[in-house]
Structure formats: structure tokens, C-alpha cells
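All remarks here apply to the structure that follows.
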Amino acid sequence: MDSTTVFLDAFFNRAVIDKYLPDILWGMIITVEVALAVVATGIALGLLLAAVRSFRVRPINVLIVLFVDVLRALPPLVLILIIYFGLPSVGIRLSGFAVLWLVLSLVLAAFAEEIFWSGILSIRKGQWEAARSTGLTFLQTLTHVILPQAVRMTVPPLTNRTIAITKNTALGAVIGVPEILMQAQTAQSFSGNATPLLLGALAYIVLFVPVVVLGRWLETRFAWGRA
Amino acid sequence: MPESAAILEVTGLRKSFGTLEVLRGIDLTVRAQELVFVIGPSGSGKSTLLRCCNRLEEPNEGSIRVDGVELLDPKTDINAMRQRIGMVFQSFNLYPHMTVLANVTLALRKALGKGREEARAIGAAALARVDLADKSSAYPAQLSGGQQQRVAIARAMALEPKIMLFDEPTSALDPELVGSVLSVMRELRHDGMTMVVVSHEMRFARDAADRVVFMDAGQIVEQGPPDRIFGAPQHARTQSFLADFAA
């Protein structure tokens, strides 16, 4: 066999593709499920924390900042392992799916909180003053005037961060979540061939390139004329 | 002529930022339908005085009564009072993510609890009064500075305030756009709105104000009808300020 054949056999083995493609596709579904769940809860929690922080109640804000700093500092894999392998010893047993969703949600929430918070801070004081001067309450001002502007400004950094964190669904492979990488790895060890790993890589590309493109579109869509 | 009711009564007002005392005992009464102009060098405290009058700044001492209600009483519902105190800012502060009409109707709907249709009708009427009926679905960024400031006036006016505060409403405008804003203010005055205006538009003060208040270093130095303040200022500081201005 010449080297080209060796290469093709290692990465584009037809028989292996036929056998394991269904598994990879199944993994894609799991990955999408985890990713959607993480994005929904992570961003919602991040927005909630940023909104709470804007009330500037000192003891609460100390806790929020602590939460955010710790979760931004820790590698998600460490948290996943601690919760998945540690919590059962105190009687709390969570499925791999639940642990992956929980950890990535918290990590995304921490980053999203920082992004939303900087968005809130970047809104000029005059916006608050104008709204309050018409008799709107703090909360009404926040929800109708400040957050809609802050959220739009945060779309580009938030999209980038969201993509970065949802890609971490691959960490599920470590705790037996049957997502793309887990499926690819399993197939690779059964077949003794690297083709499933390449299929896995393609699956990530198929899933995330549209998200990247969507992010770019949102960026232009939300860049309205600022006076 | 019997004096009309006092809408705004400021007494013994003091305000410090850190160690800097910006307002050093201000007494000022504004009566219904009066247009009071506040002039003075920058840093004299005139904007701070105005911003205390709806508690955007928290005074340290004194009393502010608006329409008979003490603003500094902790029991006072400040949000309800602010609906009766219109404020127009130097930098317009329109909400950039909302249409012109939505800018005007937001507080009508959320603060006054009016329904969509009623708010829309009031908002449209307010925009018509500032001559911008045709811009209701535009966004602020699509308007000139003068148009934006007129929307801001409509936003304040739509709540039917008892008094309107203008904080340098024309200072951020190109000279050719000032006239349209002043003419809206002139119409407001014609309709009997009580107004306090901090501004450097001396010509406007001269022919539209009922009273001119000159402030310097956190105090009211002198006040009186525009003829007297501009024609024969009593105090040396007023004289030198106005001389600088004419130069």
C-alpha cells in the first residue's frame, strides 16, 4: 500500500463510516440537546445575576462577584469531575447529562454575567436619568431602557463566549455522556481506526459553523445607529 | 394682580459633592405659569439646583416643595412626583432602541399605567405639539439634534407635568437648530407651562423669561425681571458675568 492509501484507510475508511455514522449522528443529537439546555439556562442565569447586581446591594454583589470569579477561574473539567465523582459520596447522584448541563450552565452564567454587567455599565447615565425623571421605577428603567440596549451591545462577545463554552460539551466524554466525542472515541477503539474521530470533527463543524455565521449576522443586525 | 400659587418652593437647599459645597443655601419660589431663567458661570451650581428639584441629585439639607408636596420627605412617592416634574436634558437622552413614539409613550404606559391606544393618542398629540407628528416611527439616530430635543420635550410634556425643568436644552445643538427648540419652549410658555430653564440663551431669556436668577458659587446672587438683570444688574458679580458674556 502506498502512503495515500494508508492515509485514506486511516481517516476515510468507507466500511467504518457506514458502520459508525449512525452513532455519530446520535451523538450530534445529544450534543445539541446539552448545548441548547446550557445556552438557555446559562444565559438566563447570567442575565438575572447581572440584573440583580445592578441594584448594588453590597453583600449580594460580593457573592455574585465571588461566584463569577471562581467559575471563570476553574477549568470546567475539574468541576465536572468533582461533581460527577465527588457528589455520590455524599449521597447526591446526578446523571452525566445533568452534571454536564449544570457545570457548563454555571460557567456560561458566570461569563455571561460579566458580559451583561459590562454592557449595563456602558449605558450612559443619562439613559437612567431620563427614564427615572419620567417616574419609571428602577426596575422598569432596567427592564425597558437599560437591558434592551445592554443586551444588544453584548451580542458579539456573548456569541463568542457561548460558542466556546458549548463546545465544552465534548467534556461529557469523560463522564459517559453519549455525545459526539464519546461516540467517536468508542467507535475508534472498537474499529481500531481513526475515521470516527474525523467524523466527530466534521460533526462539530456542521453544528458550530452555522452558529458562528449566525453570530456574525446578529452582530450586524444589532448594530443600530448610535447617536 | 394676585400672585398665582407657588409650584416650586426651594428653601435653605444645600448640596455637597464630597467636600465641595455646590449649593450653599438656595431659596427660590416659582409660581404657576412663570418662566424662570437661571444663569451663571459654569460651576455655579445651577444644573445641580435643577437636578435636585426632581431628586436626580440628593440634597444634603433644606426643603423642596413641588405642588405643595415635600420632595425630600422619605414618605413621598418620588416616582409619582417625578411624573409631575418634566425634565429636559442637555444631551436629549432619548432611548436609542425605541421609535420616537415609543420614547414618548413608555412612561405613559409603565408609570401612569395607560393602555396602548390611549398612550398612543397622547403621545401622538405631544409629538404634534412639537411639530414632529410625521416622525413618530423614526428612530432617534435618524433625527437632527433639534428634532431629538423636541422629542425629549414631548416625552416630558406628555405626562402633563406641573412644572418643566430644562437643563441647558440648546447647549448641545448646532446654532441653526437652536431656534426650533426655543420656539417649542415659547409655545409651552404661551400655553401656561411653568418652567425653570438653565441656559446661556440670553436673547431668549431677555424676551421670554418672567424672571432671571443669577447664580454664582452655589448661591443666588440676584434675581429680577430680565429688563433689570440685563439692563441694570445691581451686583458686581452679575455685571462682570454679563460683561464677559457680551464680549
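Any read-out appearing in this document is the output of simple, stated calculations on the displayed coordinates, not a laboratory observation. The model shown is predicted, which means the values in this text are computed figures rather than measured ones. Every residue, glycine as well, gets a Cβ built from its backbone with ideal geometry; the counts of neighbours run over all protein chains shown.
One table, with the values for the structure above:
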read-out: Förster radius 60 Å - calculated FRET efficiency between A:Ile17 and B:Arg24, Cβ distance, rounded to 0.05; value: 0.10
read-out: Computed over the range B:150-230: relative contact order in percent, which uses C-alpha pairs under 8 Å that are six or more apart; value: 26 percent
read-out: Net charge dipole size for the range B:89-163 [Lys, Arg +1 and Asp, Glu -1 on Cβ; Debye, nearest 20]; value: 180 debye
read-out: Choice from A:Leu121, A:Leu25, A:Leu104 with maximal GNM fluctuation in chain A (Cα, 10 Å cutoff); value: A:Leu121
read-out: Span from the the range A:112-158 Cα centroid across to the the range B:139-217 one, whole angstrom; value: 27 Å
read-out: Qualifying trypsin sites (Lys or Arg not before Pro) in the range A:149-206, DSSP loop, other Cβ atoms within 10 Å at most 12; value: none
read-out: Shielding by partners, peptide A:137-145 (average Cβ within 10 angstrom, other chains); value: 3
read-out: Helix B:100-110 axis, angle to chain B major axis (alpha carbon atoms, nearest 10°); value: 80 degrees
read-out: Peptide B:92-99 - average C-beta neighbours from other chains (10 Å radius); value: 6
read-out: Cut-off 10 Å between beta-carbons: net charge of the residues surrounding A:Gly135, Lys and Arg +1, Asp and Glu -1; value: +3
read-out: Of B:Glu176, B:Glu58, B:Glu160, the one that fluctuates the most in a GNM where chain B has Cα springs shorter than 10 Å; value: B:Glu176
read-out: Dipole moment magnitude, nearest 20 debye, the protein assembly as shown about Cα centre, only Lys, Arg, Asp, Glu C-beta charged; value: 440 debye
read-out: Surrounding net charge for B:Val22, when Lys and Arg each add one and Asp and Glu each subtract one, Cβ distance under 14 Å; value: 0
read-out: Angle between chain B longest axis and helix B:145-157 axis [Cα atoms, degrees, rounded to 10]; value: 90 degrees
read-out: Of A:Pro75, B:Val36, B:Ala243, farthest towards positive along the dipole that unit charges on Lys, Arg, Asp, Glu beta carbons give the protein assembly as shown; value: A:Pro75
read-out: Value of relative contact order over chain A, rounded to a whole percent, pairs C-alpha under 8 Å and six or more apart; value: 32 percent
read-out: Virtual spin-label span in nm between A:Leu77 and A:Gln185, 7 Å along Cα→Cβ; value: 0.9 nm
read-out: Computed FRET value (nearest 0.05) for B:Ala128 with A:Thr143, which takes r as the C-beta separation and R₀ as 30 Å; value: 0.55
read-out: Listed residue (A:Pro157, A:Leu181, A:Trp128) projecting farthest to the positive dipole end of chain A, Cβ model; value: A:Trp128
read-out: Net charge of neighbours whose Cβ lies under 10 Å from the Cβ of B:Ala217, counting Lys and Arg as +1 and Asp and Glu as -1; value: 0
read-out: The range B:31-146: relative contact order as a whole-number percent, Cα under 8 Å and 6+ apart; value: 18 percent
read-out: Positive-end residue of B:Val213, B:Ile85, B:Leu182, charge dipole of the range B:77-230 with Cβ unit charges; value: B:Ile85
read-out: Pairs beyond 27 Å (Cα-Cα), from A:Lys125/B:Lys46; B:Lys114/B:Lys135; B:Lys114/B:Lys162; B:Lys15/B:Lys75; B:Lys15/B:Lys114; B:Lys15/B:Lys110; value: B:Lys15/B:Lys114; B:Lys15/B:Lys110
read-out: The range B:67-196, dipole about Cα centre (Lys/Arg Cβ +1, Asp/Glu Cβ -1), debye to the nearest 20; value: 400 debye
read-out: At most 11 other Cβ within 10 Å, DSSP loop - trypsin sites (Lys or Arg not before Pro), the range A:1-87; value: A:Arg56
read-out: Axial C-alpha extent at least 15 Å, average Kyte-Doolittle at least -1.0 - helices from chain A (DSSP); value: A:14-53, A:58-73, A:96-122, A:155-166, A:180-191, A:195-221
read-out: In degrees, nearest ten, helix B:236-246 long axis to first principal axis of chain B (Cα); value: 50 degrees
read-out: Loop GluC sites (Glu not before Pro), the range B:1-93 (other Cβ atoms within 10 Å of the site Cβ: 12 or fewer; DSSP); value: B:Glu3
